[in-house]
1. Using the basic label-point model (7 angstrom from Cα toward the beta carbon), what is the residue 24 to residue 42 distance in nanometres?
2. What residues qualify as long-range amide H neighbours of residue 20, i.e. H under 5 Å apart, gap of 5 or more or another chain, H built at 1.01 Å from N?
3. Stretch residue 58-residue 31 to full length: gain in nm at 0.36 nm per residue minus the Cα-Cα span?
Amino acid sequence: MSPPPVNPSPVSDQPRRIAYTMREAAMALAMCERSIWQAIKDGRLKASKLGSSVRIRSDELDRFLRDSEV
């Protein structure tokens, strides 16, 4: 009998999301929300406003992360 997985990731069990809130994007990138806002303001990260909510597409988060590599 094999041992249970150690610290299984709760994210891996969920389907990939199309877009994220500011808070979710910040958590996904391990950044503070203020840094996310600044990246949007500077034009380094694209976001969409839906009513009073701001959403960031998952492919845009991937692009932002790739372009931020050192």
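Values quoted throughout were computed directly from the atomic coordinates according to the rules given, and no laboratory measurement underlies them. Owing to the predicted nature of the structure, the values given are computational and were not obtained by experimental measurement. Cβ atoms come from the backbone with ideal geometry, glycine included; neighbour counts cover every protein chain shown.
1. According to this spin-label approximation, the distance is 2.5 nm.
2. The list, which skips near neighbours in sequence, is 56, 57, 58.
3. Once the chain is fully extended between residue 58 and residue 31, it gains 8.2 nm.
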